[in-house]
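Dropping the structure in here first, questions after.
The values are calculated or read from the model by the stated rules, or taken from the named source; none is laboratory data. Just so it is clear, the model here is predicted, and its values are computed rather than measured. Cβ sites come from the backbone with ideal geometry, for glycine too, and all protein chains shown count toward neighbours. The area values use the complete protein model at the heavy-atom level, side chains included, leaving out ligands, DNA and RNA. Shrake-Rupley method; radii C 1.70, N 1.55, O 1.52, S 1.80 Å.
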Amino acid sequence: MDQLQTPYLDHFSEYGCNFFRIGAEGVEGLNSIEEQLLQCMGLPDSAIPYFYFDFFLSELRDVKIDDAVMLLGTAFEVAGFHYLYLSKDHSVKVLLSDGDTVFVNSSLEQFMQSILHYSIWLEDIEEKAFDSVLHELSSEDVFNLFYSLRGIDAKCVTEGTLWSYILHTEVKIESVVLE
């Protein structure tokens, strides 16, 4: 966690993000690592397409997810009804409005590393576009994100996951099947 904390907080603070954090009393069902991550670091309130964090959403909307330890926010749309949550098996998932569930990451820590790397990747792409160096994403750009995510959590880029969806819609690479 220490290796993640400084770059994570510095990166998202640079964009003026505030962080959703939990209090010292914790949340029932979190393991010690999750509790520490959400108390010390939290999740940014902006700056990441597809992920919109709001720890108060379950109370505001009276959302109950049987498999959830904690509702983290929404996915795809800020005011949407696709709920991002930490599940009882300690993976991060999205409950879609149609009732289907989509895997995101194997752990909260891997999810936080993934959103950091995704945000840094987007920043690099925007910088290239701003400098007029980038007119289209190159295969190198695509694979940089893919390999970064795969290095964090190999399961997160397999077919049917949210990151696979993002890779297909954002950068359009083929699905990966782990053998």
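Could you check how many residues of the stretch 45-60 are touching a residue at least 60 places away in the same chain (Cβ under 8 Å) and open to solvent by 30 Å² or more (accessible area, probe 1.4 Å)? Explain how you work it out, then say what you get.
Of the residues in the stretch 45-60, the ones touching a residue at least 60 places away in the same chain (Cβ under 8 Å) are 47-51.
From what is left, the residues that are open to solvent by 30 Å² or more (accessible area, probe 1.4 Å) are 47, 49-50.
The number of residues fulfilling the criteria is 3.
Sticking with this one: Could you tell me which numbered condition Ile33 fails, if it satisfies all but one of (1) modelled with pLDDT under 95; (2) open to solvent by 20 Å² or more (accessible area, probe 1.4 Å)?
Condition not satisfied by Ile33: (1).
Could you tell me whether the stretch 82-95 includes any residue that is aromatic (Phe, Trp, Tyr), touching a Lys or Arg at 6+ places or on another chain (Cβ under 7 Å) and modelled with pLDDT of 95 or more?
Yes - at least one qualifying residue is present in the stretch 82-95.
Since Asn18 meets every condition but one in (1) without any contact (Cβ under 8 Å) to a residue 24 or more places away in the chain; (2) closer than 21 Å to Gln113 by Cβ; (3) open to solvent by 40 Å² or more (accessible area, probe 1.4 Å), which condition does it not meet?
Unmet condition: (1).
A further question follows. Take the residues in the stretch 78-114 that are part of a strand (DSSP E or B) and β-branched (Val, Ile, Thr); name whichever of them is farthest from the chain's Cα centre (by Cα). Let's see the steps before the verdict.
To start, the set of residues in the stretch 78-114 that are part of a strand (DSSP E or B) comprises 83-87, 92-95, 101-105.
Then drop every residue that is not β-branched (Val, Ile, Thr), which leaves 92, 94, 101-102, 104.
Details: Val92: 8, Val94: 10, Thr101: 15, Val102: 13, Val104: 7 Å.
Result: Thr101.
Okay, next question. Leu60 fails exactly one of the following numbered conditions: (1) more than 16 Å from the chain's Cα centre (by Cα); (2) modelled with pLDDT under 95; (3) outside any helix (DSSP H, G or I). What is the number of that condition?
Leu60 satisfies every listed condition except (3).
Tell me yes or no: at least one residue of the stretch 52-62 is of a type outside the set (Gly, Ala, Ser) and within 25 Å of Ala154 (Cβ to Cβ).
Step one: of the stretch 52-62, the residues of a type outside the set (Gly, Ala, Ser) are 52-57, 59-62.
Next cut, within 25 Å of Ala154 (Cβ to Cβ) only: 53.
Yes.
Can you pull out the residues in the stretch 37-57 that are over 14 Å from Ala79 (Cβ atoms) and touching an Asp or Glu at 6+ places or on another chain (Cβ under 7 Å)?
Answer for the stretch 37-57, where residues must be over 14 Å from Ala79 (Cβ atoms) and touching an Asp or Glu at 6+ places or on another chain (Cβ under 7 Å): just Leu37.
Condition first: of a type in the set (Val, Ile, Thr) and surrounded by fewer than 21 Cβ atoms within 10 Å (Cβ to Cβ). Now tell me which residues in the stretch 101-124 satisfy that. Before the answer, list the steps.
So in the stretch 101-124, the residues of a type in the set (Val, Ile, Thr) come out as 101-102, 104, 115, 120.
Of everything in the stretch 101-124, those that are of a type in the set (Val, Ile, Thr) and surrounded by fewer than 21 Cβ atoms within 10 Å (Cβ to Cβ) turn out to be Thr101, Val102, Ile120.
Given the conditions (1) out of contact with any Lys or Arg (no Cβ under 9 Å at 6 or more places or on another chain); (2) part of a loop (DSSP other than H, G, I, E, B); (3) within 29 Å of Glu126 (Cα to Cα), which single one is not true for Ala24?
Among (1) out of contact with any Lys or Arg (no Cβ under 9 Å at 6 or more places or on another chain); (2) part of a loop (DSSP other than H, G, I, E, B); (3) within 29 Å of Glu126 (Cα to Cα), Ala24 violates only (3).
Of all residues in the stretch 29-44 being touching a residue at least 24 places away in the same chain (Cβ under 8 Å) and of a type outside the set (A, V, I, L, M, F, W, C), which is farthest from Ile125 (Cα to Cα)?
Here is the first cut: in the stretch 29-44, the ones touching a residue at least 24 places away in the same chain (Cβ under 8 Å) are 29-31, 33-34, 36-38, 40-41, 43-44.
Next, from what is left, pick out any that are of a type outside the set (A, V, I, L, M, F, W, C): 29, 31, 34, 36, 44.
Values: Gly29: 38, Asn31: 35, Glu34: 31, Gln36: 32, Pro44: 20 Å.
My answer is Gly29.
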